[in-house]
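Working notes for the structure below.
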Amino acid sequence: MNEKRDGFGSKLGAIAAAAGSAVGLGNIYRFPCLAGENGGGAFLLIYVLIVLCLGIPIMMAEFYIGRRGGKNPVGSVKVLAPKTRWSLLGYVGILAAFTILAFYSTVSGWTLEYIYKALTNYFANKDIATIEAGFSEFHNNPFRPYLWQVTFMGLTAFIIFKGIKDGVEKYTKILMPALFVILIILCVKSLTLNGASEGLKFLFKPDFSKVDGTMILAALGQAFFSLSVGMGALITYGSYICKKDNLSTTSLSVVMTDTMVAILAGVIIFPAAFSFGIQPEAGPSLAFNTLPMIFNKMAGGYFFCIIFFILLAIAALTSTISLLEVIVTFLTEEHGLKRNTATWVGTLVSLFFGIFCTLSLRQDSVFVFGNLTFFDFMDKFSANILLPLGALCIVIFTAWKMGKASFYDEITNQNTLKVAVKGFIFFIIKYVAPFVIIAIFINQIFLS
Ligand code: PFF
C-alpha cells in the first residue's frame, strides 16, 4: 500500500485515456440507435445541449473528486468527507461499472465476430436481409457469442494487468487517433452515396413533436453514458491525473472529442441507412448491418471493413478497460487485493453477469422479463437510473458538501491557473445540474 501510486505520464495521456473511456460503443452503436428511435434531429439537439451545459461541469466535478481524493470512487470520497455516508456515492459507481461491463462485453464480443466475418469476406455480395439473418443466427449460436465475449474480456484484463502508464495510457494513446482517421474516411464515403441528404436531414432537422419526458431522459442517460460520467470512471482516472494538469481544458477536450465522434457516427450511419432503405429505427442493426453494406459498395471495402471493425473493437476496448479499472482500483485500495487478483475477480464477476446478458438475446431465452431482455434491462438500468443517480450524488457532494473554495482550489491548481468561467461552472454544478436531473426523474416517474 505504501508503494508509489501509478499515474498518467502526460496530459495527453490523461486526455487520451479519458477520451478513450468516453468514446466507445456508446458513440458508434448506441447514439445512432437512440437518435433513430427518437426522431433524429430533435434528439441530437437536446443531446448536444445536455452535453455542453451539464456534461462539462459534471465531468469536472468527477475529476475534482478523483484528483483531490487521490483514490478510487469510494476511497476518494472517504478521504474528502471522512466518517460520513457519502462513500455510498462511490458504491453506486462500482455497481454501475459491473452493470455496464456486463452488457457492454456482450456487444464488444460482437465486434470480434464482425472482424472475423470481415476477414473471411462474409459480407461480399450479401444483401441486407441476409446480413440481418446472419446476425440473428449468431445470437442463437450456442458457442460463438460467448467465445468472443470471453476473449474480449481477456484482452481487457491483459491491459489492466499492465497498469496505468504501461497499460491504459500506452494503448489508448495509439488507438484513439487511428479511430478518428477511419471515421472521417467513412463519413466522406457515406456522404457521397445516393440519397445521403435524406439521412442528413433526418439527423440534423429537429422534429419537436417527438420531444417528451421519455425522450429527454433517454438523451440525458445517453449523454452520461457516452461521456462516462456518473459512475466514478472519471473519478478513478482523475486520481491518476498529474497535479499540474488543467482539469477544465482536459474536460473540454474529452467532451468535444466524444460529441464529435457521436455526430460523425450519425453522419456515417443515417445517410447509409436511407440510401439502402433501412429504417432509422432499426436499433442495433444500424451499426452491425448497415455498415457492412456500405463497405460492400466501396472500392477497397474489404480492407475498410476489417479496419473499421478492428477500430470499433478498439473503441470498445478503451472503454472496457476504464470500467474494469474502476473495479480493480476499488478492490486494491479498499479491500487490499493485489492488482492481479483484483483484475481476475473483476473480470470473472462481470463476465458472469455478461454471459446472462448474451444468453438473454437468444430466441428461446428465459432471461426476458415482459418484453425486456436481461441485456436491455442492464442497459436501461445503468444509463437511465444508475448514471443519472450517480451524477446527482456527485454534483451535490461537490457543491453542497465540499463547497466552492475546495473546488476552485483544485481546478485552478491551487490558484496557479486562471479558469475564467469557474463561477459559471460551479453555479451549474450547484443549482442547475441537480435541478435538471431531479426534474427529469420526477417527470419519468409520473409518466410511467
Ligand atoms: N462511454 C462509453 C461509451 O460511450 O461507449 C461507455 C462507458 C464507459 C460508460 C465507461 C461508463 C464508463 F465508465
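FYI, it's all coordinate maths here, none of it is from the lab. From a predicted model like this one, the values you see are computed outputs, not experimental measurements. Here Cβ is always computed from backbone atoms with ideal geometry, including for glycine, and neighbour counts include all displayed protein chains.
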Students often forget the sequence filter, so: which aspartates and glutamates lie under 16 Å Cα-Cα from K78 once same-chain residues fewer than 8 apart are removed? E62, E333, E334
Pair D127, V368: separation of 7 Å Cα→Cβ label points (nm): 2.7 nm
GNM, the chain, Cα, under 10 Å: largest mean-square fluctuation among F158, F98, F43? F158
Stretch K243-T120 to full length: gain in nm at 0.36 nm per residue minus the Cα-Cα span? 39.5 nm
State which entries of K165/K430; K162/K380; K173/K244; K243/K401; K117/K380 exceed 25 angstrom in Cα-Cα distance in the structure shown. K165/K430; K162/K380; K117/K380
Stretchable slack from F143 to F208, in nm (0.36 nm times residue separation minus alpha-carbon distance): 19.0 nm
Ordered by number, the trypsin sites (Lys or Arg not before Pro) in segment 220-324 that occupy a DSSP loop and have at most 13 other Cβ atoms within 10 Å are K243, K244
Expected sort for 427-440, 136-149 on mean C-beta neighbours within 10 Å, highest first, is 427-440, 136-149
Expected 222 nm ellipticity per residue - DSSP helices of 4 or more, -39500 (n - 2.57), all of the chain, to 500: -22000 deg cm²/dmol
Order the peptides 29-36, 303-310, 78-85 from the highest to the lowest mean number of other Cβ atoms within 10 Å of their residues. 29-36, 303-310, 78-85
